[in-house]
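Some notes on the structure that comes next.
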Amino acid sequence: MDWIPRNVLILLLVALALVILPHVVRLPVWITLLCISCCAWRIMVFRGHWSYPRKWVKALFVFGGFLSVGFGYGTLLGLEPWIAALILAFVLKLLEMHQHRDAHTVIVLAYFVALTEFLFEQSIPYMLYIYACITVITAALIGLNQEAANVSLQQAMKKASVMLLQAMPLMLVLFVLFPRIAPLWTVPLQTNIARTGVTDRLAPGNIAQLVQSDELAFRATFEGPVPSSRQLYWRGIVLSYFDHEDQAWTQQRPGVYGPTLQSKDGEVPWKDNMEYLGDEVKYSIVMEPTNQNWVFSLTLPKAEGAGRMGLVRDFRFYSLQKINAKFRYELTSYLDNRMDITLSDFWRYRYTLLPDDDNPKTSELAGSLRASSDTPEEYMSNVMLYYATEGFVYTLRPPTLDGDTIDEFLFNSRRGFCEHFASSFVYLMRAGGVPARIVVGYQGGEYNRRGNYVAVHQFDAHAWSEVWLEGRGWVRVDPTSVVSPERIESGLESAVEGEFLSDIGLSLMKFRSSLIITELRLQLSALNHYWDAWVVGYSPSVQMSMLNRYLGELNRQTLGMILVSVFFGMLGFTALLLLLRRSQHKLAPADREYLKFCRYLANQGLARSMGEGPISYARRVVTLRPELATSVDAVTDAYIRANFIDDRPEDVDTLRKAVRRVRLSVLAGA
C-alpha cells in the first residue's frame, strides 16, 4: 500500500493547524492566508473536486510565499524569517503529497515546526499545548505505518499517547544528566518587539505609566531570611546626565565608565573603592526577557560567579548579552556597604553637572536652602523637610509638565510619582553642589510563601536617589518615602488606593482582598516559578551545582559515565520487558470471552475437561443444567462463528453479550 489513508490525512491536517496556530500572531498576514489556501486546496483534492496544482501554480505559491517573508520581515536574514520559511515549506509540501515518503517528509517538518514554538515561549501552558501537537503528529506517523487500510483515529491516538508516556523516564534522565549546552533560544529573537520594563531614560510620567502593568519582571529566591520590604531596592540603571532639551535624565556615555569588573578579570582601578560590610545575602533571580542588557540586583552585589555579567563603574550589574529569554543568575549582595569611599574631581564634576540657565526657580531654592545649611547632610535634611511640609502629593496621575519641568513640579503642581521626586531631589542636590544621581529599578515585591520567593512586577518599578557624602560614599535617599511612606513599607497598592492597576480591565492582582483568589494566584505563580527555575533555567551551571549537591564533586567525564550507565541500564530494562511481553501468548478477543464463560461455569461446578471441545462441553452442561440450554447454546454458536467462520468484530460483541446472558440465567435460576 503506497497511498495515504483517509484518517492519516485528517491527522496530518489537524497537526498542521495545531503547530501553525501559535505562530499566526508573528507571521505576516500573507503567509497565514497562503497556509489556509494550501490546506483548503489539499482538502478539495482529497474530496475529488480539484486536482493537484500544476507546476506553474506551485512555483507561484513558492515565489509569492518567499516574497511575503521578505516584505513581511523586511529581510530574509534572522531567525523569525527562517521559521516563517520553514512553515511555508511545510504547508507547500501538502500540495505534492502523493505517497508515503511525501507524508513522512510532512511529518518530520511538523515535528520541527512544533519545536520552534519553544524559541518564543517556554511556559507550562505552551509546553502542554506542544505536547498535544506532538501526540497528534506521532499518531499520524503510527497510522501511516499501519497495515490496515482503514486506520482507526482512536487507536492511533491511544498508541501515540502510550508511546510518549513510555518515553518520559528516558527523557527525564537525559534532561537531568546530559551535559547542558546553550539552548537554541538564547540567540537574539524578536529584536523588533518592545518589552515592558524600565528604560534608560527618565522623564516625568515614564514610571507612572509603567506601573499600570501587572506583568512579571522577575522572581528572587533567597537562601536565608527574606529582607524586609524597605530593604528590597532592586538596582537596575543609574542615570546621571540631565538633558535640558528633553528635561529627562539619561545614562552617562559608555566610554566614561571604563572597564567592567567580572570574576575572570584582573584588577580595575575602582575595585578597591568599595567595601562589603555586614552579613551577605545570597539569592537567585529568574528574570523575564527585556531585550535590554541591564539586570537587577540588591546593593552591593559581588562580581564573583556572575557568569556572563559584569559590575559597571556605577555599581550595577550589566549583561554582556541582551536578555532575550528567561535568564537565571545567582548573586551575593551586602546590604550594608560603602560605594566610592573617595570621589575623584572628575566624578565630582560629573555628578554635580547641570545645564546653564535651566530651572531658575529650583536653582534659587537650592541656593537659599544650602546657605542655611552648614553641612551636606543638613542641606539634604532641609530639602527632605521641604517635601514633607509643602503639600506634595503622591499620585499615579500627575498633571502634564511643560517647559522647565523641575520648576513646574516643585512650585506649581506638587503632584507626582516617584520619578518626579527623585528627579527634582537630585537636581536640588546638584544645584547645591552635592554629587547626586538617580537609580531606576524596582522596590519591594510580593512574597510567596508557597514558593519561598519574592515576585517583582512592573508595578513595583521605582526611582530613587543616591547622594555622595564624605566618609560614607554613595548613600541611598528616597524622597518618595517622605511624601508616601506607605509606598516603601507596604507597596504601591497601599499608597494609591483607587488608582492601582486602574487601566487594566481584568487582573487577579486587583483581588488581593479575596483569600481564595489570592491563594489560587500564589499557587499558580509558585508552579510557574519552579518551572522557570528548574526547567527553563536549567543551565550548565545550575546542572553542575545540583549534581554536585546530591552526587558529590563531579567532572564532565564522571557525569558522562553516569549518563551512559543509566542510559544502557534503562535500555536493558526496556528490552527485558519487551522480551517478557513477547513470550506471553496473546489471546484473541473471542477466546478471551469464551474462557470467561468457562471459568464462570467452573465456579458453578461445571468445569470444562482437558481437551473437551466447545460443542461437547455445551452438551454436557445442558444435560446437567437444562435451564441453561438457550444461553449456553447461544455462547457456543457465537464462539464458533467468531472463531472459525466469519471472524468479524460484531461477532465478538455478540459473544460478549451471550456470556453476560449466561450469568443472568444462572442468577435467575438461583
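Readers should treat all values here as calculations from the given coordinates under stated rules, not as data from a laboratory. None of these values were measured; they are calculated from a predicted model. Here Cβ is always computed from backbone atoms with ideal geometry, including for glycine, and neighbour counts include all displayed protein chains.
How would you rank 222-231, 112-121, highest first, on the average number of other Cβ atoms within 10 Å across their residues?
112-121, 222-231
Calculate how steeply helix 360-371 sits against the longest principal axis of the alpha-carbon atoms of the chain, using the helix alpha-carbon long axis, and give the answer as 0 to 90 degrees to the nearest 10.
70
Using +1 at the C-beta of Lys and Arg and -1 at the C-beta of Asp and Glu, which of LEU170, TRP82, PRO614 has the Cα lying farthest in the positive direction of the dipole of the chain?
PRO614
About the Cα centre, and with charges only on the beta carbon of Lys, Arg (+1) and Asp, Glu (-1), how big is the dipole of segment 6-177? Nearest 20 debye, please.
500
So, counting K/R as plus one and D/E as minus one, what does the shell of residues with Cβ under 12 Å around ALA526 add up to?
Surrounding charge for ALA526 is +1.
If you line up the long axis of helix 376-389 against the longest principal axis of the chain, both from Cα atoms, how many degrees apart are they, to the nearest 10?
70
Sorted from largest down, what three extents in whole angstroms do the Cα atoms of segment 519-670 have along their principal axes?
Each principal axis gives a Cα extent; for segment 519-670 these are 79, 44, 31 Å.
With charges only on Cβ, +1 for K and R and -1 for D and E, what is the dipole size of segment 1-88 about its Cα centre, in debye, rounded to 20? Before the final figure, lay out each step's value.
Details: 7 positive and 2 negative charges, 58 e Å.
Its charge dipole is roughly 280 debye.
In whole Hz, what ³J(HN,Hα) sequence does segment 219-225 give by Karplus (6.51, -1.76, 1.60; θ = phi - 60°), x for Gly and Pro?
Result, rounded to whole Hz: 10, 10, 10, 9, 6, x, x.
May I ask you to list the trypsin sites (Lys or Arg not before Pro) in segment 307-375 that are in a DSSP loop and have at most 13 other Cβ atoms within 10 Å of their Cβ?
ARG308
Ignoring everything except DSSP H segments at least 4 long, calculate the 222 nm mean residue ellipticity for the chain; use -39,500 (n - 2.57) per segment, divide by total residues, nearest 500.
Using -39500 (n - 2.57) per qualifying helix, the result is -15000 deg cm²/dmol.
Compute the length gained on full extension between ARG660 and THR518: take 0.36 nm times their separation in residues and subtract their Cα-Cα distance, giving the result in nm to one decimal.
Answer, rounded to one decimal: 45.8 nm.
Where a Cα-Cα gap under 16 Å defines reach, which aspartates and glutamates qualify for LYS58, not counting those fewer than 8 residues away within the same chain?
By straight Cα distance, LYS58 reaches GLU96, ASP102.
Helix 79-93 sits at what angle to the longest principal axis of the chain, using alpha carbons and giving 0 to 90 degrees rounded to 10?
On a 0 to 90 degree scale, this one is about 20.
Given a Förster distance of 35 angstrom, what is the FRET efficiency for GLN154 paired with MET546, based on the Cβ-Cβ distance and rounded to 0.05?
Working: r = 41 Å, r/R0 = 1.17.
It comes out at approximately 0.30.
Just the ratio, please: alpha-carbon radius of gyration of segment 540-583 over 2.2 N^0.38 Å, N its number of residues. List each step's numbers first, then the result.
On the way: Rg = 15.0 Å, N = 44, 2.2 N^0.38 = 9.3 Å.
Here the Cα radius of gyration is 1.62 times the empirical estimate.
Where Lys and Arg each count +1 and Asp and Glu each count -1, what net charge lies around PHE392 among other residues with Cβ under 12 Å from its Cβ?
Combined, the nearby Lys, Arg, Asp and Glu give +1.
If we count every other residue with Cβ under 15 angstrom of PHE118's Cβ, Lys/Arg +1 and Asp/Glu -1, where does the sum land?
Once positives and negatives cancel, what remains is -2.
State the answer as a single residue: which of VAL24, GLY569, HIS457 lies farthest towards the positive end of the charge dipole of the chain, with beta carbon charges of +1 for Lys and Arg and -1 for Asp and Glu, about the Cα centre.
GLY569
Compute the length gained on full extension between ALA40 and ASP402: take 0.36 nm times their separation in residues and subtract their Cα-Cα distance, giving the result in nm to one decimal. The partial results should precede the final answer.
Working: separation 362, 0.36 × 362 = 130.32 nm, distance 5.73 nm.
Extra length from ALA40 to ASP402 when fully extended: 124.6 nm.
For P(r) over Cα pairs in 20 Å bins from 0, in percent, the choices are (1) 17, 41, 29, 11, 2, 0; (2) 14, 38, 35, 12, 1; (3) 14, 34, 27, 16, 7, 2, 0; which was calculated from the structure?
(3)
Using a simple spin-label model with points 7 Å from Cα along the Cα→Cβ vector, what separation in nm is obtained for TRP50 and GLU364?
It is 7.8 nm.
Any of LYS93/LYS322; LYS158/LYS596; LYS159/LYS326; LYS271/LYS322; LYS271/LYS326 with alpha carbons more than 28 Å apart? Name them for me.
Among LYS93/LYS322; LYS158/LYS596; LYS159/LYS326; LYS271/LYS322; LYS271/LYS326, the Cα-Cα distance tops 28 Å for LYS93/LYS322; LYS159/LYS326; LYS271/LYS326.
For a protection proxy built on the mean count of beta-carbon atoms within 10 angstrom, sort 609-616, 437-444, 139-146 highest first, please. Walk me through the numbers on the way to the answer.
Details: 609-616: 11.0, 437-444: 24.4, 139-146: 22.1.
By packing density, highest mean first, the sequence is 437-444, 139-146, 609-616.
Expressed as a whole percent, how much of the Cα-Cα distance distribution for segment 1-151 exceeds 20 Å?
49
Mind listing the phi-derived Karplus ³J(HN,Hα) values for segment 530-543, rounded to whole Hz, using 6.51, -1.76 and 1.60 with θ = phi - 60°, and x for any glycine or proline?
5, 5, 5, 6, 10, 10, 5, x, 7, 8, x, 5, 5, 4
Which is farthest toward the positive dipole end of the chain among LEU67, GLN557, TRP474, measuring Cα position about the Cα centre, with Cβ charges +1 (Lys, Arg) and -1 (Asp, Glu)?
GLN557
Suppose every Lys and Arg Cβ carries +1 and every Asp and Glu Cβ carries -1, with no other charges. What dipole size does the chain come out with about its Cα centre, to the nearest 20 debye? List each step's numbers first, then the result.
Details: 65 positive and 65 negative charges, 916 e Å.
Using only the charged Cβ atoms, the result is roughly 4400 debye.
Quote the FRET efficiency, to the nearest 0.05, computed for LEU353 versus LEU277 with a Förster distance R0 of 51 Å and r equal to the Cβ-Cβ distance.
Calculated transfer efficiency: 0.95.
Would you work out the relative contact order for the chain, in percent, from Cα pairs under 8 angstrom that are 6 or more residues apart?
Taking the mean separation of contacting Cα pairs over the length of the chain, I get 12 percent.
Around THR332, which amide H atoms from residues at least 5 apart in sequence, or from another chain, sit under 5 Å from its own amide H, with H modelled in the peptide plane?
When sequence neighbours closer than 5 places are left aside, the close amide H contacts are LYS302.
From the square roots a ≥ b ≥ c of the eigenvalues of the alpha-carbon gyration tensor of segment 589-669, which class results: rounded (a/c under 1.5), prolate (a/b over b/c), or oblate?
Details: a/c = 1.79, a/b = 1.39, b/c = 1.29.
Prolate shape, in that a/c is at least 1.5 and a/b is the bigger ratio.
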